[in-house]
Every structure is written in C-alpha cells, then in structure tokens.
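A quick write-up on the structure given underneath.
The values are calculated or read from the model by the stated rules, or taken from the named source; none is laboratory data. Note that the coordinates shown come from a computational prediction; the quantities given were computed from them, not determined experimentally. Here the Cβ positions follow ideal geometry from the backbone for every residue, glycine too, while neighbour counts run over all protein chains shown.
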Amino acid sequence: MIAFAANSILNRLALVDGVMGPAGFALIRLMAGAVTLAALKWARDKTQSSQIRAPKRAGIQGALGAGSLALYVLGFSFAYVSLPAGVGALILFGGVQLTMFTGAVVLRDPVPPRRIFGAALAFSGLIWLLWPGGGNTPPLAGSLLMAAAALGWGIYSLLGRGAVDALAVSALNFALATPLGLLVFAVFPDQITGYGIVLAILSGGITSGLGYALWYQILPQLGATRAAVAQLSVPLMAMAGGMLFLAEAISLRFAIAGLLVMTGVWVSMRSGKPR
C-alpha cells in the first residue's frame, strides 16, 4: 500500500507541476516497469537451479492482464490533468472496491457481513475526507477517466489472484501494455522533460513494477474483498505524503477520516477465517 501511495505522489508531482504530459508519463512509466521486471526475472532465472515458469498468457487472460494495466496507467495519468488529487483518489479506490467486490460475488468468494461493514466504514472515511464541499462537482471527463482507471486496476488485481509466478506475469503484463502506451503517445504527443523522466522511471520501475509484482505475490492469500478494502488506505497515505512533501497542514478532518479508514480496514482484514 505504501508503494501505491508513493506512486500516486510521483504522478501528482509530474502532472501538477507541468513537468510532464500524461501520455509521456504513462509511456515511460510502462517502459520502466517492463525493463525493471524483465531484468529481475532474467537475474532470478539465471541464479536459480529450478526455475518457476509462468504459463504462457498469449490468449484472453494475457490480453486482459495487459489491457487492464494499460487502462489503469493511462486513465490515471489523464484523469489527474483535471481532477483534484483527493477527488481522484476517492473515485479510483472507491471504484476499485466496487469492481473487486463485484468480482468476488461473480466468482462466488465468501463475503462475510463483518467484511462488508468494514468496507462501508472505511469508504465512509474517504467520503468524509475527500468529497468536495460548497456544491463543487468534479469534472465529468476526469471523473470518467479515473473510473476507467479504477475498472482497469480492479480487473488487474482480480487476475492476479491466479498468478503462479508473480514476477514473470508482472513482467509480461508490463511488456504487453507498453505498445498500448506508445500508441496513445503517438496519437496524443505531449511534453517530456528530464525531471519528468526521472519521476516516471521511479514510478514505473520501483513503485509500479516492483510494487505490482509484490501485489501479485500476496493476492492469492488475500482474496478479492480483503484486497479491495486494504487498498482504501492508499488515498489516506497519499494525502499524508502530500502533507509531508507539500507542507500541507494536518486537519481534524484528516484525523477523523484516518481513524474511520484504518478501523474499517482492520475490521475487514480480521473478518476471514484463520488460514
């Protein structure tokens, strides 16, 4: 979750300060993730005597993995051009939760009442913290883009539950998603700067590539609904990072929302049967 929050901060730094356009940032982010994960997989396979080989994912599941990753990365970058950071985080992780809970129902995963209560409690904390006041409504285009990103990340996470080799599958997903990022950049070319490239490489190689490989590693142990609720802590961490790096004051509103979110996550994570 810390990696996800750090990734959000890196995106905001690049897009809000105007040092990078959304298409360029997304493309370099995908490329950096693909290169980093491919290098790690090569190093691992070279040193291990018995290699764990992931199944070939050239069919529908492989296309879904790459497509959902590209949808998330591209939607996320373009949405933050017009959305305030807090509202974007609410739409993203609220949408992810809805997607993964829906997936759990379709896949007939057990969803205990206590977990539903925990999710509702955590989500209410995010609404309290992030929903704009004064009658302001988020831009429609940005909201739809972030909702698309939420759908992409939710599907990507659901697919990760069946990953046999998290590193290999993540490397393949990034490699297959990169041409989609290149296509979007070719259609919507935008500004690229040295500082923006550094931020995009950090985002793609570290907080995205390594973070997503770790996420795929632990997803089989979490289950869809528990993974969905755990991610509701990310906007809170991202806003805490914004306070730290942008000298934003910690408010009573933030403290109350933090208590609601973390309590909801705790309730939901403890609701399953011991393994």
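Here are the numbers for the structure shown:
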| item | result |
| --- | --- |
| Test result for residue 44, in contact with a helix residue (DSSP H, G or I) (Cβ under 9 Å, 6 or more places away or on another chain), more than 22 Å from residue 150 (Cβ to Cβ) and at pLDDT 80 or above | yes |
| Residue match in region 164-183 (condition: aromatic (Phe, Trp, Tyr), in contact with a Gly (Cβ under 7 Å, 6 or more places away or on another chain) and surrounded by fewer than 23 Cβ atoms within 10 Å (Cβ to Cβ)) | no |
| Number of the condition not met by residue 142 [criteria: (1) of a type outside the set (A, V, I, L, M, F, W, C); (2) crowded, with 20+ Cβ neighbours inside 10 Å; (3) closer than 21 Å to residue 239 by Cα; (4) at pLDDT below 75] | (4) |
| Matching residues, region 25-40, being surrounded by fewer than 20 Cβ atoms within 10 Å (Cβ to Cβ), more than 9 Å from residue 175 (Cα to Cα) and in contact (Cβ under 8 Å) with a residue 24 or more places away in the chain | 40 |
| Unique residue being modelled with pLDDT of 75 or more and assigned to a loop (DSSP other than H, G, I, E, B) when the list is 96, 73, 81, 111 | 81 |
| Count of region 185-219 residues which are surrounded by 21 or more Cβ atoms within 10 Å (Cβ to Cβ), aliphatic (A, V, I, L, M) and more than 16 Å from the chain's Cα centre (by Cα) | 1 |
| Residue within region 130-137 that is within 23 Å of residue 78 (Cα to Cα) and either modelled with pLDDT of 75 or more or crowded, with 20+ Cβ neighbours inside 10 Å (or both) present | yes |
